[in-house]
Amino acid sequence: MKSKNLIKAGLVAAGLLLGALNVQAASQTMDKIKSSGAVTMGVRESSIPMSYTTGDSRFDGYHVEICRMILGDIKDKLGMSTLRINYQPVTSQNRVPLVQNGTVDIECGTTTNNVNRAKDVGFANTLYVEEVRIAVKANSGITSISQLAGKKVATTTGTTSVQLLRKHEKANGVNFDEVFGKDHADSFLLLESGRADAFVMDGSILAGNIANSKNPKDYKIVGEVLATEPIAIMVRKDDPEFKAAVNAAIAKIVANGNMPKLWNKWFLSPIPPKNIVVGLELSPATKNAWANLNDKPAEDYNKK
Amino acid sequence: MDLGIFCKSTLDGEVVDHCFSALLGIGQNADPSYLDWLMKAWGWTLAVAGLGLLIALTLGAVMGTLRTLPAETSLNRFLVRLSTAWVELFRNIPILVQVFLWYHVIPAFIPVLKGFPSYLLVSIALGFFTSARIAEQVRAGIQSLPSGQRAAATALGLTTFQSYRYIILPMALRIVIPPLTSESMNLIKNSSVAFAVSVPELTLFAMQAQEETAHGVEIYLAVTFLYALSAFAINRVMAYIEKRSRIPGFIVSNSEAAAH
């Protein structure tokens, strides 16, 4: 009996301690920003036009600009006169751990909000919904996935698009040959050199590769949307106050009618450093995300 | 560790009835499991490596022999230069670059190659790359023979072709079996570059399956095991060949050790 009580007492004490820590952690990021006068933003080096470098350790892009607006709002909220932004380049492999361990305060790259990741990190409300699409040569006459029967379809090894194609093939009985590039540039080369008739990938990646190609007019993005994924700004999980502040700033940006302007700037106009035009039209899914701000994971988008 | 991942379907991630369903043909229309896919990928690795090995051994033996031809006639001198150029060309370019050259660049100049399947082009690339290395080993084997052997063959009235056929190559090729073993095992491992040009082999399987299942540790362990097993199988086959081809009284018969 006695030992059981001891354990109980121990558990209660531990619980209290954890509770105390949690209370402290609730405003951890805001405290850190206020006391240090600086914030660390996670960015990608080459995710044009979402988040990329324009040279000399400068970063820019759709998500980066939105994050700067969010941080400006938080700076005002904290009553600070200046806020220094440190840019920390991240990769697909290290972005989640870096947010978890506090190296990065706010990640503004191209991270899909899904159930698995939501166990480790928090996601702000979605402002960009990625759609998996088909890119083909403009003169190929292909306009739909059903026309890909017997054709060669390129996609990139190690992406979710491979599984998506496999499922689609099985479900609809459209048989095509898959060819795999080892990265997006290779996959696009397969399409360019005629080794593949189509390239299936995230719409922004397709648009970016086409915009960067020798003759962008030779390609077009066609057909139905194969899958949708919400891409969201990532924050720490155990800091609901910071997430609320970020979401409040996002709501303000949306309410001020800035989103269509931002879309025009990054997706439909020439962007630095090479003044290419990505040329990706605003999708109904993204428009819908702006109208109904939410942080639903990808799993909710693809429910049938 | 959860090896159960290999019994899951590649389509929906659910556990399938029979792990080997698709391969063994149990239960028609059964979805393939990751184990099925792994086995298929292993098959591609072995096919590409096997075809590459065939090309490498044939060309390597020929080019290595040509490099040692006596500079007696102008044809011989031309053949020596040709084989030297072959070796220097193919051993000085990284294998990954060669694979890309065969897949993307050369077909742009020789359109008929566009119709070749990618596994064939990779086998050619692997075969040519390895043939340059094998050629050097064959040359070293031939040159390690005492010069008196060649002189004796000539004294007997044998032509150059005959002295290679009956005297030099039977001795030299036995000597070079151990380094050929290493080169053949390397070829299995080098075949992993085939993933870069869309051959669905083990490395491609590993990269794709770990993304889909988030079980990278189990996937990479399985792939590691299969690469090691394949290379070791080559080692055993070569050791067997080495043992069976041994002739009492020849140089190699002094060595009791099997191929390493």
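A few comments on the model shown:
- Kirkwood hydrodynamic radius of the protein assembly as shown, Cα pairs, Å: 28.1 Å
- Nonlocal amide H pairs with A:F59, under 5 Å, H built at 1.01 Å: A:T54
- Cα-based helix-to-principal-axis angle, B:202-213 vs chain B, degrees rounded to 10: 20 degrees
- Surface accessible to a 1.4 Å probe, B:C7 within the full protein complex, Å²: 40 Å²
- Sum of side-chain charges, A:T82 neighbourhood, beta-carbon under 14 Å (Lys, Arg +1; Asp, Glu -1): +3
- Summarising the amide proton neighbourhood of A:V104: residues at separation of 5 or more, or on other chains, whose placed amide H is nearer than 5 Å comprise A:V99.
- Protein-only accessible surface order, largest first, of A:M80, B:M39 at 1.4 Å: B:M39, A:M80
- Most mobile of B:G141, B:G52, B:G249 in a GNM of chain B (Cα contacts under 10 Å): B:G249
- Legend: residues B:V199, A:V225, B:V112, sorted from most to least accessible area (1.4 Å probe; ligands, DNA and RNA excluded), read B:V112, A:V225, B:V199.
- Contact order relative to length of chain B, as percent, for alpha carbon pairs under 8 angstrom and 6 or more apart: 22 percent
- Relative to the longest principal axis of the Cα atoms of chain B, the long axis of helix B:118-143 lies at roughly 30 degrees.
- Residue of B:T224, B:T213, B:T159 that the Gaussian network model of chain B assigns the largest fluctuation, springs spanning Cα pairs under 10 Å: B:T159
- Heavy-atom accessible area with a 1.4 Å probe sorts B:E14, B:E212, largest first, into B:E14, B:E212.
- Note on the protein assembly as shown: antiparallel DSSP beta bridges, both residues inside, total approximately 65 percent of the bridges counted.
- Counting only DSSP beta bridges with both residues in chain A, the antiparallel share comes to about 65 percent.
- Gaussian network model of chain A, Cα within-10 Å springs - most flexible of A:N94, A:N172, A:N113: A:N172
- Rounded to the nearest 10 Å², the accessible area of B:V15 at probe 1.4 Å: 100 Å²
- Principal-axis analysis of the Cα atoms of chain B puts helix B:74-91 at an angle of about 30° to the longest axis.
- Taken along its three principal axes, the alpha carbon spread of the range B:1-127 comes to 70, 30, 29 Å, from the longest extent down to the shortest.
- Relative contact order (%) - chain A, alpha-carbon pairs under 8 angstrom, separation at least six: 25 percent
- Mean separation of Cα pairs under 8 Å and 6 or more residues apart, divided by the residue count, gives the range A:141-192 a relative contact order of 44 percent.
- DSSP H segments from chain A that extend 24 Å or more along their own axis, Cα-based, with Kyte-Doolittle mean of -0.5 or above: A:2-25
- Neighbour net charge for A:K217 - beta-carbon separation under 15 angstrom, K R +1, D E -1: +1
- Once all protein chains are placed together, B:W102 keeps about 40 Å² accessible to a 1.4 angstrom probe.
- Surface/4 of the Cα convex hull for the range B:142-254, nm²: 9.9 nm²
The values are calculated or read from the model by the stated rules, or taken from the named source; none is laboratory data. What you are looking at is a predicted structure, and each value in this text was computed from that prediction instead of being measured. All Cβ positions, glycine included, derive from the backbone under ideal geometry; neighbour counts span all protein chains shown. Calculation scope for accessible area: heavy atoms of the full protein, side chains included, ligands and nucleic acids excluded. Shrake-Rupley method; radii C 1.70, N 1.55, O 1.52, S 1.80 Å.
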